[in-house]
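The values are calculated or read from the model by the stated rules, or taken from the named source; none is laboratory data. In this text, all values refer to a predicted model and were calculated from it rather than measured experimentally. Every residue, glycine among them, receives a Cβ derived from its backbone with ideal geometry; neighbour counts consider all protein chains shown.
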Amino acid sequence: MFEEAKHNAPAIIFVDDSDAIFESGEELGLYRYLLTMLDGLESESAGQVCVMMTALDVGHLPPALIRSGRIAPWLQMRLPEPAARTAILEQLAAGLDEVFADLDVERLVEATEGFTGADLKRLIDDGKNLYAHDIVCRMPLCAATEYFLRAVATVRDNKTRYAEAEAHGLRPLLSPEPVNPAD
């Protein structure tokens with residue numbers, strides 16, 4: 001991959017969730033190879049190759065990998081502040097049907113402390129689904145904001161369950177371990 005990138009420069013090599021590669025501490029061959037390749041990219045012939053890596057837990061990355069000169073600069077993503085959540089929710093709400101015109105974005109912003117942009121999108125999608133469910137089931141309809149506040153609770157519950165599963169070393173259901181039919 002690194003040689004291909006050099007030959008096709010300018011190029012970007014993107015390693016997503018790089019901390020997952022090293023969290024077990026058993027990837028020594030890959031680790032040495034990666035260090036060798038990164039050091040080789042400092043040469044003049046590879047000057048137009050950029051290696052980008054993401055990590056959820058920088059603590060799992062080996063110190064030699066992240067030393068100055070190998071991986072820099074750091075870009076840390078923080079959770080959106082209220083003003084950013086307002087902007088995200090307003091943009092998402094702009095694409096909603098007329099039936100949601102009275103959506104109280106301010107209440108949603110207050111209820112979504114600790115949400116990522118993806119969480120906010122999820123709550124908008126879930127709120128629409130809750131509304132559609134009530135229509136299909138001929139349930140009494142609520143104010144638009146109520147559907148989205150219910151969705152906030154659902155997203156928050158899912159985030160909590162996911163965090164608990166990770167804390168217990170369980171993998172998310174979206175990427176199950178392969179099943180061995182012989183077991």
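Summary of computed values
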read-out	value
Number of the exception - Ala94 against (1) over 30 Å from Ala55 (Cβ atoms); (2) at pLDDT 95 or above	(2)
Ala9 vs. criteria small (Gly, Ala, Ser), modelled with pLDDT of 75 or more and outside any loop (DSSP other than H, G, I, E, B)	no
Residues of the range 150-164 satisfying the condition of being in contact (Cβ under 8 Å) with a residue 40 or more places away in the chain and surrounded by 18 or more Cβ atoms within 10 Å (Cβ to Cβ)	Val152, Val155
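Here is a yes/no grid of residues against (1) among the polar types (S, T, N, Q); (2) surrounded by fewer than 18 Cβ atoms within 10 Å (Cβ to Cβ); (3) free of Cβ contacts under 8 Å to residues at least 24 places away in the same chain:
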position: Glu106; (1), (2), (3): no, yes, yes
position: Val109; (1), (2), (3): no, no, no
position: Thr116; (1), (2), (3): yes, yes, no
position: Arg122; (1), (2), (3): no, no, no
position: Asp126; (1), (2), (3): no, no, no
position: Asp134; (1), (2), (3): no, yes, yes
position: Arg138; (1), (2), (3): no, yes, yes
position: Cys142; (1), (2), (3): no, yes, yes
